[in-house]
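Engineer: The structure under discussion is supplied below as structure tokens; questions concerning it will follow.
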Amino acid sequence: MKKIGIFVLMVFMGIVQTIAQGVSFDAKVSKRNLGLNERLRVDFIMNQNGDDFTPPDFSGFRVVGGPNQSISNSWVNGKRSFSKTYTYFLTPKEKGALKIKQATINIGGEVYKTTPVDITVTQAVAVPRDPNSPEYLIDDNLHLVAEISNSRPYLNESITVVYKLYFRNPLRISDGRAVENPQFEDFWSHNINIPQLKVESGTYKGENYNVVVWRKSVLYPQKTGKLTIEPLSLSLVIDVPSKRRDFFGNRVVQQSSRTVSAGKRTIDVQSLPDKGKPANFFGAVGQFNFDALINKNSLKATESFEVKLKVSGNGNLKLFNLPKLVLPNTLEVFEPEHSENVRTTLNGMQGSIEDNYTVVPRFQGKYPISVISFSYFDPKKERYFTLRSNDQVVDVYGGPVLPIRDKNISSTTKQLVTNANESFRFIKLKPNLEPIFKKRFWNSKLFFNLIASPFILLLAFVMFTRRNQRISNDVEGSRLRVANRLAKKYLGEAKKNISDKSLFYDALERALYNYLKAKLKIKTDDFSKEKIMELLAVKNLSPMEASPFVALLESCEIARYSPATDVKMQQDFDQALKVISNIDKKL
């Protein structure tokens, strides 16, 4: 009987092993390398019917289609062939190495898992190569273009980059956000604020389109040679009419997600010409005016006057230094106060920059302010210009006369010669000195303070130690303080990441939960809707007062899986502050 039992057991194990070997459950992808603006198709295929299919979380991807289920069941030469497939269409959220994690299925009481698949996402490509995307209508009627004002600028000459989204009927854009912004390396850059995106009429390649100006940037190249402008990539939700019609005969519209890119652009930056370059040229490029202004032409020797060097016009005003003011050493010159009044538009930097010097004369006399020159390069006329200030004289009166100069010293050196008696006039020749032992140290306040200081320090140390011990023993208080700090921390993170939907709502939800822990002094992590309402009711909050808090948590959960604009995220953040403030008042 024992041998028979062993034989039956071995036969049963063989049957189970044979069945297990006959089951296959695999994950297949359309490609392993794709661009940020391409789609990926993932098929989970099994050769036997199963239940409780659980897909992976698709971390790093956005699900734009699926799951689509298909079943194939056929008989060939008396043999049954079965196949069941779950299909998903994904778009990557970021560049880098991503992974399609394991999916699970229950077949015949056994749980099977797929093998993880590695995916490499590169930067956006000029033409998507997704063979599984049938939406040719979008490809023909949607374009993101980077328009550059000048592809061969001079060094430090302004250029503009305007990103325009062109689309036409029958497409409609219902939502969109930037997923990859250019960093403009090797450029000084400034983004022009666009208060609100507007749809206007325009032309693209000679055909009428709707156009949205998405972004405007002003660039000043800081290097010569060929420089690359990185692409801007947008994630769009597009309304596309389908072939189906509703009961009234109207065409049914379906939504499709697509990432589009403007593509890389290259500009060739020219060096400034060496021919005709002035010796006092320090990098000013544009069209400028130059002035040297004095606020007083006549003053007393005890007064001060100001010399203002001002450059105004259109060009790289923030990227060069003004010429230095050189005056005789008998005039005391302080470090200049620099000020800027510059605005940046699509025409570049416009306005003025100033260096304001404060000058104090030490002797009376007439002081000439020598000519100051300023040079710049005009890229439109392709030549250098030098501007000079006018000769000016400052009359100083009512002060000491400048001492006689040594005739052997050239007047151009302008060195001050002083009398021997005046050289040490700042030294006090009759000081009021006292012996250091005139006052007794033993009866002074300093003596008693030094005696008492060790006892005061010891008392402070004891009090500090006891306070730390009380805090460490107060486990509940420490936990509540930590929760309160976490609530403030996550609120700050939510505000900082208000342009990133996923990070924003994750931080906002954590902030609300930690606030509730800190405020209600609870330890539980069970934060169901009913539990929260129950906890707030215990604190004498009515359902009408507690429901906005629960509604905000539900909004955070829903927003993670649905499109959300910056305006919606700002509204949710303001609502969070309002709800927390109201609960604080009630408690």
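Engineer: Tell me whether segment 24-122 comes out rounded, prolate or oblate; compute the Cα gyration tensor, take square roots of the eigenvalues as a ≥ b ≥ c, and use a/c under 1.5 as the rounded threshold.
Structural biologist: In terms of gyration-tensor shape, prolate.
Engineer: Show me, for segment 321-326, the HN-Hα J-couplings you get by feeding each phi into the Karplus relation (A = 6.51, B = -1.76, C = 1.60, θ = phi - 60°), rounded to Hz, glycine and proline as x.
Structural biologist: 9, 6, x, 7, 8, 10
Engineer: Ok, one more. Over segment 24-122, what is the relative contact order in whole percent, taking alpha-carbon pairs under 8 Å and six or more residues apart?
Structural biologist: Over segment 24-122, the number comes to 36 percent.
Engineer: Separate question: Report relative contact order for segment 136-269 in percent, whole number only (criteria: Cα-Cα under 8 Å, sequence separation at least 6).
Structural biologist: About 31 percent, as a whole number.
Engineer: May I ask you to derive the relative contact order of segment 132-201, considering only C-alpha pairs under 8 Å and at least 6 residues apart, and to give it as an integer percent?
Structural biologist: 27 percent
Engineer: Using 0.36 nm per residue of separation minus the Cα-Cα distance, give me the extension gain between E530 and T203 in nm, one decimal.
Structural biologist: Taking E530 through T203 to full extension adds about 112.1 nm, to one decimal.
Engineer: Also: Which of the GluC sites (Glu not before Pro) across segment 278-387 are loop residues per DSSP, with 14 or fewer other Cβ within 10 Å?
Structural biologist: Answer in residue order: E303, E382.
Engineer: Assuming R0 = 30 Å, what is the FRET efficiency of D391 and E303, from their Cβ-Cβ distance, to the nearest 0.05?
Structural biologist: 0.85
Engineer: S499 versus R32, label points 7 Å from Cα toward the beta carbon: distance in nm?
Structural biologist: 3.5 nm
Engineer: Moving on. Report the gain in length on full extension from K318 to R343: 0.36 nm times residue separation, minus Cα-Cα distance, nm rounded to one decimal.
Structural biologist: The K318-R343 span can extend by a further 8.0 nm.
Engineer: Step through the table entries K496/K529; K28/K99; K93/K529; K517/K539; K216/K275; K226/K380, compare each Cα-Cα distance with 24 Å, and write down the pairs that go over it.
Structural biologist: Beyond 24 Å between Cα atoms: K496/K529; K93/K529; K216/K275.
Here, each number is a calculation from the coordinates, and none is a lab measurement. On a predicted model such as this, the values are computed, not experimentally measured, just so you know. When we count neighbours, we look across all protein chains shown, and the Cβ atoms used for this are built from the backbone with ideal geometry, even at glycine.
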